[in-house]
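The values are calculated or read from the model by the stated rules, or taken from the named source; none is laboratory data. This one's a predicted model, so the numbers in the text were calculated from it and none came from an experiment. Every residue, glycine among them, receives a Cβ derived from its backbone with ideal geometry; neighbour counts consider all protein chains shown.
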Amino acid sequence: MRNLGFGISRRALCLAAGAFASMWVLGAGAYAQDVPAGIDPDATIQAAIAYGLSGTFDPLSASGAVTIAVNWHVFEGLVDLDPVTREPYAALAAEMPVSEDGLTYTIKLRDGAVFHDGTSVTADDVVFSFDRVLDPESKSLFRSFVAFIDSVEAVSADTVKITTKYPFSLFNQRLGSVKIVSRAAVEADADAFGKQPIGTGPYKLISAVPEAQIVFERNDAYTGPRPALAKDMVWNLIADPSARVNALSSGTVMAIEDVPYIDVDAVAATAELEKAQSFGLLFAMFNTQAEPFDDVRVRQAFFYALDMDKIIGTGMLDNATAATSFLPATHPNYHEAAVVYDYDPEKAKALLAEAGTPDLDITLMSTDHGWVKDVAPIIKESLDQVGFHTTLDIGQSGGQYGKVDAGEMQVMIAPGDPSVFGNDPDILMQWWYGDNVWPKTRYRWAESEGYKTLTSLLEEAQRLSGAEQQAKWNEAFDLLSEEVPLYPLLHRQLPTAWNADELEGFAPVPTTGLSFLGVGVKE
C-alpha cells in the first residue's frame, strides 16, 4: 500500500478518522459496551510484541519500547499524540488548550475523569505530575522535553494554569510528555506504582511478566475520546522472530510488530502487512574525547567508508533508507544536510591520512538486535577496506551500554527511536543531544564548541515558529552532519502485520510498539 508522508498510509488515515467518528457519535463518555456495530465488546485482543520487558511503567522515567507502548493505553496526558497519525488530541483536557497571551494556558479537565482505582482526577494530581518531572532531583528523562514550562498551578479542583517561559509553538504536541498520575498512589508507594501503575487510560494493566505476557483489562469508568473496544488484551512477549511469525500464521495472535525482513513476502501473502518508514535509525556514536575519534576527520572517514547500498541491500533486504540528514526524507521537517555521506572509500582514506592515522585498530561495539547483528559484519568489511582494522564486539544492549558508560567505548552502532515520545525535530534532537547522559558520558561531546553551538541553535529554535524555526533546525542538522558525534547511518522501515478479518480500526505505528486505541475485534 502506498504510504503518505511520515510512515502513514492512506488506509491508516482512513481508519483513524473512522475510529474518531465512531467515538464522537457515541459521545465522549462512551464505554466499550456501546461499541460500534459489528464489534465484539467481549473479545480479547491478542498481540505479539518483539521487545523484552524491563524497567518501570512509571511515566516519570519509563522509556523502554514495551513500557512506552503499554503506557499509551494505560496513562493519559492533558493532550496526547495519536500513535498512528502523530497528531495531538485532547485527552485529559476537556478541549485543546489555547493560550490567552502566548504564555498562559488555562486548562480544564474533562468531566468524570477518574483513575483506575476509582478516585477522581484533580488539578492537584496534574500539578504533582508536572512538578515531579520538572524537578531536577527526579532526574526524569523527560524534563528537557518540557523545559519551556515555567509553572503549573491549580486554579480550581478541575482546572490548571500552565505558564511558559516564552511562547512555544509546540506546546500541544509536547504536553503528552507528562502523563498524569495519582499523587496519592505514587506517594503511598512509588516502587509499587512503577510495577502496577494506576492511570486514567482506556485499559488497566492487570499483570506484566517479563519474557511471557502483559495482560490488560477494559476500564469501564473511562470517559475520554478513546474508549476500549475490547474486554481485554493479551500482549505475548515473543522476541524470537520466527515464533512471532508463527503466532500470527497459526491464529494465536491477531497482530505482530517487527516482521522479520526475510519473512515479509510470505507474511504479506496471508495477512495484511504494511511497512512504515520510521525515524527509527541505526546510529554510530564515538568517544569524541579519546583517540582516534577525537579527530572529526576520523569520524567522517568512518561514514564515507560505509557501502550503504550493500549494508541496506544485503543486510536489511532493502528495508531502510540511507541517512541524508538527521531526519528521514519523509519527515515533514526534513532538510538535506550540508554533508551527505555517499560511499566514497577514497575520500575516507584521504581523511585518515590527513589525520595521520592511515591504519587504525578499532573495536566496533554493537548491540545484538537481530537486524543489527546482520549488518555489523558488512560494516566491518567496509571499514577494513579503507584502513580500519576492526574487531567486532557484539553483545546484549544493557551490557554494551554498561561498557559505554564506563568509558570503554571507541565507537558503537546501535538502534534507537525516540519518536515514541514525539515527532517534532526538537524532541528528537533533545533525546540524543540535550542536557542528559548522551553527550555528557556516552559520546562525551558536551564540552566541545560544536555542542555549545548546537545547544544555542536548539534554544533559539524553541522561541521561534514557522520558517524561522525551521531555519534554525536546518542549521542544527547541518552542524550534526559535519561533526557526527552521534549520527544516523540509516532510517528503518518497520513491517507490521495483522489479521484484517479479525481486527477493525487497526493501523501500524511508525515507531516501535503496537497501538490498539480505537481498535476492536470483529464479531
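Here are the numbers for the structure shown:
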quantity	calculated
Exclusive hit being surrounded by fewer than 19 Cβ atoms within 10 Å (Cβ to Cβ), acidic (Asp, Glu), at pLDDT 95 or above and assigned by TED's automatic domain parsing to the domain that holds Glu483, set Asp393, Asp374	Asp393
Some residue of region 101-118 being closer than 22 Å to Ala228 by Cβ, modelled with pLDDT under 95 and not acidic (Asp, Glu)	no
Matching residues in region 104-113 - criterion: being part of a loop (DSSP other than H, G, I, E, B) and either under 28 Å from the mean Cα position of the chain (by Cα) or aromatic (Phe, Trp, Tyr) (or both)	Arg110, Ala113
Hey, Phe477 closer than 30 Å to Phe516 by Cβ and in contact with a Phe, Trp or Tyr (Cβ under 7 Å, 6 or more places away or on another chain) or not	no
Any hit, region 114-137, residues being part of a helix (DSSP H, G or I), among the polar types (S, T, N, Q) and not assigned by TED's automatic domain parsing to the domain that holds Glu459	yes
Checking Phe388 against (1) farther than 14 Å from Ala284 by Cα; (2) surrounded by fewer than 19 Cβ atoms within 10 Å (Cβ to Cβ), the condition it does not meet	(2)
Extreme residue, nearest to Thr511 (Cα to Cα), among residues of region 340-359 that are aliphatic (A, V, I, L, M) and crowded, with 17+ Cβ neighbours inside 10 Å	Ala348
Pair list, Cβ < 7 Å and 6+ apart or interchain, from region 208-234 residues that are among the acidic types (Asp, Glu) to residues that are in a loop (DSSP other than H, G, I, E, B)	Glu211/Gly52; Asp220/Tyr31
Subset tally (residues that are within 24 Å of the chain's Cα centre (by Cα) and surrounded by fewer than 19 Cβ atoms within 10 Å (Cβ to Cβ)) for region 238-261	3
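Residue by residue, here is whether (1) surrounded by fewer than 20 Cβ atoms within 10 Å (Cβ to Cβ); (2) out of contact with any Gly (no Cβ under 6 Å at 6 or more places or on another chain); (3) at pLDDT below 95 holds:
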{"site": "Asp124", "(1), (2), (3)": "yes, yes, no"}
{"site": "Arg143", "(1), (2), (3)": "no, yes, yes"}
{"site": "Ile149", "(1), (2), (3)": "no, yes, no"}
{"site": "Thr164", "(1), (2), (3)": "yes, yes, no"}
{"site": "Glu187", "(1), (2), (3)": "yes, yes, no"}
